[in-house]
Every structure is written in C-alpha cells, then in structure tokens.
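Asks: The structure is given below, and queries will be raised subsequently.
The values are calculated or read from the model by the stated rules, or taken from the named source; none is laboratory data. In this text the structure is predicted, and so the values were computed from the model without any measurement. For neighbour counting, all protein chains shown are included, and Cβ atoms are generated from backbone atoms with ideal geometry for every residue, glycine included. The protein model used for the area step is the full one, side chains on, heavy atoms only, and it has no ligands, DNA or RNA in it. Shrake-Rupley method; radii C 1.70, N 1.55, O 1.52, S 1.80 Å.
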Amino acid sequence: VGEIRARWEAYRRQMARFSVTDPQLELADSPVRAARFLLGSALVIGLALPLAAVGFVVHIVPFLLTGRLERKLNRHPDLSATIKLLIGLVLFPLTYLVVLSFPFMRGGWRAALPGLVLLPLTGWAALLMAENRVRLQESARALFIALPGGRALTELRRERQEILEQVTRMI
C-alpha cells in the first residue's frame, strides 16, 4: 500500500507539473472523443450565446448580491446553500419585476409577458454557457494532450496504467 501510495503521489506531482488533470489525461486517450466534446461544447456555446449574454446582464447583480448577503448573514457554514436559496428566492423575482416593469410601462401586460418566459430561460442559458465554457477548455486541453509527440504524457499514461494494475493485483 505504501509503495502504491508513493507512486500515486509521484504521478499526481507529474500531472501538476504538466498542468494536466486525470480526467483530461483519460479523455486524451481518445482524441476522437475529445474532439467530439470540443465541437459539442462549441456548438452549445454558439447557440446559447445570445440568450446567455442577456442572462448574464440580467442575473449578475442578484447573483453577486446573493453571495455577498449570504456571507454577511450566515453564522453557520452548513446552512450556506439554504441561505443562498432563500435570498435568491427574494432577489431574483425582484430583479424580474424591475426588468419587466419597463416593457410593462410601454405596452402593458402583452409587452411584458414574453419576458416572463424569456428571463428564466436567459438565466438557464448563462449557466449552461458557464458549464460548457469549462467543458470546452477541458476538451481543448485533452485534445492538445492527445496530439502525438508528447513523450512525457505517454509516460504519464503508462504510469497511471501500471498503478491501476498494481492496485488490481493487490485487491
């Protein structure tokens, strides 16, 4: 166990040295899969970008205020998510009311009604964009790692496989 642990720690240090994560190295084993993830993420970002831009502008203030108020009001770290939820249940609808008041004043309920559907949709698009941005970066890194000629990364893959086989034999 001590030998495996030492090898694993050395492996993790090498991974950090090359700024590679284990999932990226695993994804790099299949360049086609990495390219598919990269293209899929780019497509989602491209399609969601207009909605996400609006969603970011509309939701950034209540999002930041929710975090700030939670840190100020929360005395119990284990209640963080609950307090954020309660604050968000107040701030986000208030934000929607403020934003929807402009079309309402100009054209009544008919002008404001589409916003009632679109505002939550833009918030969802902004979250989707943030998640896919990270996925896009990870996929691009994995694809770069998968390109031939990386002897050090080939060694990392081999070491990882040997550690896994050693653990399997020990079990």
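Asks: Which pairs turn up if I take residues in the stretch 120-135 that are of a type in the set (Gly, Ala, Ser) and look for partners that are at pLDDT 90 or above and open to solvent by 50 Å² or more (accessible area, probe 1.4 Å) with beta carbon separation below 6 Å, at least 6 apart in sequence or on another chain?
Replies: Going by the 6 Å Cβ cut-off, the qualifying pairs are Ala125/Leu51; Ala126/Phe56.
Asks: Which pairs have Cβ atoms under 8 Å, sit 6 or more apart or on different chains, and link a residue in the stretch 1-25 that is more than 18 Å from Glu165 (Cα to Cα) to one that is among the polar types (S, T, N, Q)?
Replies: Once the first residue is more than 18 Å from Glu165 (Cα to Cα) and sits in the stretch 1-25, its partners that are among the polar types (S, T, N, Q) give Met15/Thr21.
Asks: Can you name the residue in the stretch 67-89 that is over 19 Å from the mean Cα position of the chain (by Cα) and open to solvent by less than 50 Å² (accessible area, probe 1.4 Å) and, of all such residues, is nearest to Leu127 (Cα to Cα)?
Replies: Per the stated criteria, the residue is Gly88.
Asks: Okay, moving on. Conditions first: (1) farther than 30 Å from Leu97 by Cα; (2) free of Cβ contacts under 8 Å to residues at least 24 places away in the same chain. Ala34 passes all but one, so which condition is the exception?
Replies: (2)
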